[in-house]
Each structure stands twice: as C-alpha cells, then as structure tokens.
Amino acid sequence: MGAPAFAGTLQESQGRDQLAEVMRLYGIDESAAIERLAKEVDAADLYRKLEEDEVPGYAGSWFDGESLKLVAATNDPESLPLLTKAGATPKQVEHSLADLQRAKASIQDLSRLAYPPLASKSLYIDIPRNRVVQTVAPGAAARARSLVATSPLTARLVTVTEDDETPVLSGDVRGADGTRNYSFFLTNPEYHWPCSIAASIVEGYLTAGHCGATGNEMRTPGNDLLGVVQESTYFSSNYRFDRGWVDTASGWTPTPTINGYSDGTLTVAAKWAGKNEAPVGATVCRYGQTSGGPHCGTVYAKDLDVDFGPSGYPDVLLGLTQLNGSCTEAGDSGGAHVFTGGQVQGVNIGGSPTGCPGGGSNYALFLPVTGTLSYFGKTMLTAHGASIPSLTDHLCPDMGDSGQGTYRCRFLDYNSQGATSILWTKTGGGTSVKTWISGTCVANQQVTVTLAVTNPYGTKNESSTFSCPMGPLP
C-alpha cells in the first residue's frame with residue numbers, strides 16, 4: 001500500500017504525551033490533567049445539547065478552567081433556571097448570541113463598503129466577554145472606531161483593538177501524515193510544498209485548500225504518488241474558505257486513524273460521527289508532519305475572519321477557530337486538530353509566525369471539519385465503519401423528565417460514520433431533528449413516538465408506545 005511510513009492509516013487513543021502537553025499548557029500535574037480532559041468531554045456533550053435547545057436569549061457557552069464546568073450565558077433572566085437544570089453554570093449577560101452575530105455581520109459590511117475598505121486583521125465573537133472584537137493594524141483603530149460608531153448596534157457590541165502580528169500559512173493516508181506537491185514551484189526542484197493530511201474520507205482525504213490546486217499531484221515525502229487534488233476552494237471563486245480534498249491513488253487505503261506521532265495512533269471516534277465540537281475554553285491538540293505532535297492549545301474563539309496579509313494569497317480567510325498556546329510550522333498545514341476521545345475538530349491552516357514549541361503568545365488556526373465535509377459532500381471515516389447508526393440510552397419516555405400530561409423522549413448519543421440526520425415523529429403530528437422530542441397528552445391516551453437516525457449506510461429505527469405519563473414531574 002505504498003511506503004511503510006504512509007500505510008494509509010489516519011492514527012489510536014490519547015497518549016502520555018498529550019497529558020504532558022496539557023500539563024504544560026495549564027501548569028497542572030498529571031492527575032489534574034486527566035480530570036480536566038474528562039470534564040471537557042462532559043462539557044462538550046452539554047455544549048452540543050444547549051446549542052440545539054433554543055434557550056431564549058442564549059448567548060453561547062464556554063468551558064471554565066477553574067470550576068471545570070460549562071458556563072452558559074443568556075440575556076433573558078427567565079432562562080437562567082433552564083440552564084441550571086441542564087447542568088450548566090448559568091450567567092446573565094447583556095447581549096444574546098443572535099445580537100452579537102448581527103453586529104459581526106454589520107461591521108463586516110461597514111468595513112467592506114467604506115472607502116477605502118478597512119481590512120480587519122481578525123474579527124470574531126468573544127463569547128465569555130459577550131462582545132464582538134475587531135482587530136486592525138496599528139494606526140487604523142481610530143478609523144475603525146469611527147465606522148463602529150456609525151451604527152447603534154455595532155457601537156454597543158463591538159470592541160476595536162490593534163495588533164501588528166500577521167499569522168502565516170503552515171503550508172503533508174493517515175491524518176497528520178506528510179505530503180508533497182510536485183506541481184508547485186517547478187522552477188525550484190529543491191522545494192515541493194510540504195503539507196499534511198487532516199482526516200481520511202471515503203475515496204481520499206481532506207487537507208487545506210492552499211496545499212494544492214485542482215489537478216495537482218500529491219506525493220509522499222518519498223515521491224510515491226499519493227493522489228490528485230479534486231477540488232481546492234482556495235484557488236477558486238470560493239477562496240475565502242481554505243478547503244481541499246484529494247482522491248487517493250491506487251494502492252492507498254484511507255482508514256479512520258490519525259498519526260499522533262509521539263502519542264502513537266489515534267482512532268477517529270464513532271460517537272457523533274467523530275466530529276463533536278469542543279467549546280471555547282476546552283483543549284484541542286494538533287498533529288502535522290513538520291512539528292509532529294501533540295501540540296495542544298485552548299479554544300479561544302470560533303468563526304474568526306483572519307487576515308493573513310502578505311504571507312498568504314488571498315488575504316482574508318473566513319470561519320476559522322483559534323487555539324491559544326498551540327503552535328504550527330511550515331508543512332503542518334492541512335493537518336489534524338483533535339479533541340479528547342478522537343473527535344476531529346478541523347484542518348490546520350496556520351497561525352503564529354514564531355512557530356513551535358507552543359506557549360506564550362503562540363496560537364494555531366483551523367477550519368472546522370464539519371463545514372468542509374458538508375461543502376464537498378464527503379464522508380469522514382470513523383471507527384464505526386460502513387454501517388447504520390447505533391444509539392446510546394434511548395429513553396421513550398424519559399421518566400426523569402415526564403409527568404403531569406407531558407413527556408420527553410431522548411437518546412444520549414449516536415455512533416456513526418458520515419453525515420447523520422435525526423427525525424422524531426409523534427402522535428398527533430409534530431417532528432424534531434434534535435436528540436429529543438417532547439409533547440403533551442391526556443390521561444389514558446396511548447402515545448406513539450418513532451425515531452429514525454440515518455447515515456449514508458442506512459437507518460436505525462426505534463418506536464415506542466406508552467400511556468400518557470400523569471404522575472408528578474420529578
């Protein structure tokens with residue numbers, strides 16, 4: 001299947017070097033690092049639940065490293081008990097997430113339509129601080145603040161800062177294994193544009209779009225043909241998102257593993273199809289061919305618009321996540337960012353120009369894997385394999401949350417591979433695409449609730465019929 005170092009496998013489990021990285025990152029001992037990672041997994045599950053629960057006034061959630069709990073914010077005081085009941089630490093804030101998102105979109109438009117246009121070095125929603133933060137080049141803050149002041153919405157919600165640092169692109173069938181692009185820079189045969197693999201997909205693998213244009217040949221460091229770039233948005237009209245995928249050549253078998261380097265082989269999780277999102281404040285580790293890994297950092301911000309300045313073409317890339325305390329080197333672009341338990345987070349794009357090792361002001365940037373898979377219509381390989389989904393803790397009704405003529409059915413999580421959809425239906429009509437469904441009923445009524453969880457390989461069906469719960473609510 002090609003050279004032994006590139007056995008086509010993506011790499012298994014958290015290793016001791018990841019614990020060492022977490023200890024370094026937070027200045028804690030091994031037992032505290034183990035506890036923190038376990039609490040982060042719990043927080044990620046709760047974060048996913050809150051993101052789909054439509055809590056009134058919801059303003060986002062983040063992992064608090066002091067309490068080791070998920071903090072959930074709302075600007076609606078009546079929602080605070082709902083957040084407490086869900087298991088989060090509630091916090092009342094001034095602005096909802098919807099307001100912050102509108103303010104971010106508004107400042108994007110104001111900056112773009114200004115004459116001359118104002119370039120943001122970065123633009124993101126700072127969830128813990130309940131603000132939109134716009135970073136501009138030194139000397140541009142006064143002009144940026146004047147633009148912010150032209151709209152009541154942005155004047156209330158946007159903070160302007162200056163920064164003179166410009167991130168750089170890190171621009172190698174196992175995730176984090178190395179590649180070479182022999183189609184680039186043919187005038188310099190000594191350099192073949194090293195990059196890294198993010199994750200295996202059916203037919204090939206994901207990488208950063210700037211690692212190769214459509215039609216470029218990708219090879220191993222040993223010059224064996226690895227595959228051909230099938231699509232790169234970086235070299236297209238959709239260049240603002242740095243996405244790419246490669247169709248692997250004959251003899252290469254993509255598998256659901258990631259090269260963890262000193263941590264051995266990491267298996268891509270089956271839970272939530274291997275891509276459960278880590279909240280702000282949680283720990284994510286990066287792997288790539290130049291600097292190896294793990295290189296861990298704390299999720300600082302999501303959905304950043306980042307200006308790569310003269311180091312990159314094009315300048316501004318959208319939708320990135322920033323990891324503080326991590327690092328990246330040239331050749332790490334396209335590599336894997338992974339959350340505890342083998343949950344793939346995204347594709348490495350670049351970061352702090354000071355490179356590895358991490359710490360201090362170093363940071364890394366990745367493009368979330370979910371949007372990339374959806375854009376290309378691809379299936380990421382997981383330990384679940386090519387089979388229908390399986391469910392954990394399907395309760396219908398959930399008597400811990402049913403009674404007095406109301407009911408709720410739920411399941412804890414699914415194991416799957418590929419894009420997975422949820423559809424509940426219930427007596428009397430009504431559907432849900434969340435991990436739960438609720439309804440009302442009357443005494444002695446028979447209620448039927450059905451659940452269908454579907455992935456590319458089929459559907460897992462569950463059906464429950466029960467008498468309307470009339471006892472007291474727990």
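Is there any pair linking a residue in the stretch 380-398 that is within 27 Å of GLY346 (Cβ to Cβ) and in a loop (DSSP other than H, G, I, E, B) to one that is modelled with pLDDT of 95 or more and among the basic types (Lys, Arg), with Cβ under 6 Å and at least six apart or on different chains, and which? Filtered contacts from the stretch 380-398: ILE388/LYS460; PRO389/LYS460. Selection of first residues in the stretch 343-366 that are within 18 Å of ILE258 (Cα to Cα) and of second residues that are among the basic types (Lys, Arg) and in a loop (DSSP other than H, G, I, E, B), restricted to Cβ pairs under 7 Å at least 6 apart or on distinct chains, gives the following pairs, ordered by first then second residue: GLN343/LYS275; VAL344/LYS275. Is it true that GLN417 is buried (at least 21 other Cβ atoms within 10 Å of the Cβ), touching a Pro at 6+ places or on another chain (Cβ under 8 Å) and assigned to a loop (DSSP other than H, G, I, E, B)? Taking the combined requirement at face value, the residue satisfies it. Contact map, the stretch 46-63: first residue over 18 Å from SER438 (Cα atoms), second residue polar (S, T, N, Q) and part of a strand (DSSP E or B), Cβ cut-off under 6 Å, separation 6 or more or different chains; pairs are TYR47/SER61; GLY57/THR74; TYR58/THR74; ALA59/THR74. Filtered by the rule that a residue be hydroxyl-bearing (Ser, Thr, Tyr) and over 14 Å from THR220 (Cα atoms), the stretch 231-249 gives SER232, THR233, TYR234, SER236, SER237, TYR239. Checking LEU153 against (1) in contact with a Lys or Arg (Cβ under 9 Å, 6 or more places away or on another chain); (2) outside any helix (DSSP H, G or I); (3) surrounded by 16 or more Cβ atoms within 10 Å (Cβ to Cβ), which single condition isn't satisfied? Unmet condition: (2). Going by the structure shown, is LEU373 closer than 18 Å to ALA419 by Cα, assigned to a helix (DSSP H, G or I) and at pLDDT 95 or above? Considered against the rule, which asks whether it is closer than 18 Å to ALA419 by Cα, assigned to a helix (DSSP H, G or I) and at pLDDT 95 or above, LEU373 comes out as yes. Kindly check whether there is at least one residue in the stretch 34-51 that is over 27 Å from ALA273 (Cβ atoms) and in contact with a helix residue (DSSP H, G or I) (Cβ under 7 Å, 6 or more places away or on another chain). Checked the stretch 34-51: no residue is over 27 Å from ALA273 (Cβ atoms) and in contact with a helix residue (DSSP H, G or I) (Cβ under 7 Å, 6 or more places away or on another chain). Within the stretch 70-111, the set of residues being closer than 30 Å to GLY400 by Cβ and in contact with a helix residue (DSSP H, G or I) (Cβ under 7 Å, 6 or more places away or on another chain) comprises LEU70, ALA72, THR74, ALA86, GLY87, ALA88, PRO90, GLN92.
Does ASP332 satisfy the condition of being of a type in the set (Asp, Glu), in a loop (DSSP other than H, G, I, E, B) and assigned by TED's automatic domain parsing to the domain that holds PRO167? Yes. Scanning the stretch 218-236 for residues that are buried (at least 18 other Cβ atoms within 10 Å of the Cβ) and not in a loop (DSSP other than H, G, I, E, B) yields MET218, ARG219, LEU226, GLY227, VAL229, GLU231, SER232, THR233, TYR234, PHE235.
Here is a yes/no grid of residues against (1) within 16 Å of the chain's Cα centre (by Cα); (2) within 21 Å of ASN415 (Cβ to Cβ); (3) surrounded by fewer than 21 Cβ atoms within 10 Å (Cβ to Cβ):
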| residue | (1), (2), (3) |
| --- | --- |
| THR321 | yes, no, no |
| GLY331 | no, no, no |
| CYS356 | no, no, no |
| SER361 | no, no, yes |
| LEU367 | yes, no, no |
| GLY377 | no, no, yes |
| ILE388 | no, yes, yes |
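Where helices (runs of 4 or more DSSP H) fall entirely within the stretch 7-110, none has at least 3 residues that are of a type in the set (Val, Ile, Thr).
Within the stretch 427-441, does at least one residue satisfy the condition of being polar (S, T, N, Q), at pLDDT 95 or above, surrounded by fewer than 16 Cβ atoms within 10 Å (Cβ to Cβ) and within 16 Å of SER464 (Cβ to Cβ)? Looking through the stretch 427-441, at least one residue is polar (S, T, N, Q), at pLDDT 95 or above, surrounded by fewer than 16 Cβ atoms within 10 Å (Cβ to Cβ) and within 16 Å of SER464 (Cβ to Cβ). If you go through the stretch 433-457 and pick out every residue that is under 27 Å from the mean Cα position of the chain (by Cα) and either over 23 Å from HIS384 (Cβ atoms) or outside any strand (DSSP E or B) (or both), you end up with 6. In the condition set (1) of a type in the set (Val, Ile, Thr); (2) outside the structural domain of GLY346 (by TED's automatic domain parsing); (3) buried (at least 23 other Cβ atoms within 10 Å of the Cβ), THR372 is compliant with all but (2). Within the option set TYR300, TYR287, being of a type in the set (Phe, Trp, Tyr), touching a Ser or Thr at 6+ places or on another chain (Cβ under 9 Å) and under 19 Å from SER361 (Cβ atoms) holds for one residue only, TYR300. In the stretch 390-404, of all residues being surrounded by fewer than 16 Cβ atoms within 10 Å (Cβ to Cβ) and among the small types (Gly, Ala, Ser), the one that is nearest to the chain's Cα centre (by Cα) corresponds to SER390. Put simply, of CYS396, CYS356 the only residue that is in contact with a Ser or Thr (Cβ under 7 Å, 6 or more places away or on another chain) and assigned by TED's automatic domain parsing to the domain that holds GLY274 is CYS356. Here GLY293 meets each of (1) at pLDDT 90 or above; (2) crowded, with 24+ Cβ neighbours inside 10 Å; (3) more than 19 Å from ALA137 (Cα to Cα) with one exception, condition (1).
Considering only residues that are of a type outside the set (Ser, Thr, Tyr) and surrounded by 11 or more Cβ atoms within 10 Å (Cβ to Cβ), look in the stretch 106-120 and name the one that is farthest from LEU304 (Cα to Cα). So the residue we want is ALA114.
The values are calculated or read from the model by the stated rules, or taken from the named source; none is laboratory data. Predicted model, so just to flag it, every value in this text is computed and none were measured. Reconstructed Cβ throughout: ideal geometry from the backbone, glycine too, with neighbour counts over all protein chains shown.
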